[in-house]
1. When only DSSP loop residues count, what GluC sites (Glu not before Pro) in the stretch 1-54 have their Cβ near at most 10 other Cβ atoms within 10 Å?
2. Trypsin sites (Lys or Arg not before Pro), restricted to the stretch 32-107: which are DSSP loop and have at most 13 other Cβ atoms within 10 Å?
3. Using only C-alpha positions, report the orientation-averaged shadow area of the convex hull of the stretch 5-188, nm², one decimal.
4. Which whole-number percentage describes the relative contact order of the chain, with Cα contacts under 8 Å and a sequence gap of 6 or more?
5. State the Cα centre-to-centre distance between the stretch 90-109 and the stretch 11-74 in whole Å.
6. For the stretch 24-85, what is the convex hull volume of the alpha-carbon atoms per residue, in Å³?
7. Which residue fluctuates most in the GNM of the chain (Cα springs below 10 Å): Glu99, Glu111, Glu74?
8. What per residue convex hull volume, in Å³, do the alpha-carbon atoms of the stretch 58-115 yield?
Amino acid sequence: MPIDRSSLLSLEAYAKARPAIRAQVIPHRRLRTVHLGEHVTLQFEDELTIRYHVQEMLRVEKIFEEEGIRQEIEVYAPLIPDGSNWKATMLLEYEDESERKRELGRLVGIEHRVWVRIAGFAKNFAIADEDLERATAEKTSAVHFLRFELRTGQIEALRSGAALDMGVDHENYEARSEVAAATREALIKDLMD
């Protein structure tokens, strides 16, 4: 579902509503977050999280003209799932700057080794960074945008109660996590009937 321009508030209205909107979005985002080991976090996006991000960008950049608003929507709209997939922001998190620099060099290609698996099916590996390349031969980026395409049978299995797990199979970073029931249910809502 794309962002409806009419769902965006003016800068003044957003400034007034921002505390209440943040109070709604923060737990919503937390519910849609999966940690894979200590250093990889997937934040699954939907219309609400992306609309919030657009509102924040408009606020920070003080964009109020229609053309600028349209451009922000166009930039972020591709991050909203379209009913047959999940889209996630992947964060590689290392607090120490020297450790982060070293690990980003060791984790080249990690964005292509992230997967989701519905019980009874093979792993679905991420399609990464479709908007622009974020890695080089020497290092990967700390932020990547991932898409996980699902087939009809997988969606039906999820709706019928199949377990869901996610992970990373990279030579220098391996992790797996069974997705909590509440997160699984939130992600199922992104999928069309």
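1. Details: sites: Glu12, Glu38, Glu45, Glu47; in loops: Glu38, Glu45.
Passing both the DSSP loop test and the Cβ count: Glu38.
2. Details: sites: Arg32, Arg51, Arg59, Lys62, Arg70, Lys87, Arg100, Lys101, Arg102, Arg106; in loops: Arg32, Lys62.
Loop-located and lightly packed - Lys62.
3. 11.7
4. Computed over the chain, the figure is 24 percent.
5. Here the two parts' Cα centres lie 25 Å apart.
6. 110
7. Top of the fluctuation ranking is Glu99.
8. Working: hull volume 8.0 nm³, N = 58.
Dividing the Cα hull volume of the stretch 58-115 by its residue count gives 138 Å³.
Every number here is computed from the coordinates shown, using simple stated rules; none is lab data. None of these values were measured; they are calculated from a predicted model. All Cβ positions, glycine included, derive from the backbone under ideal geometry; neighbour counts span all protein chains shown.
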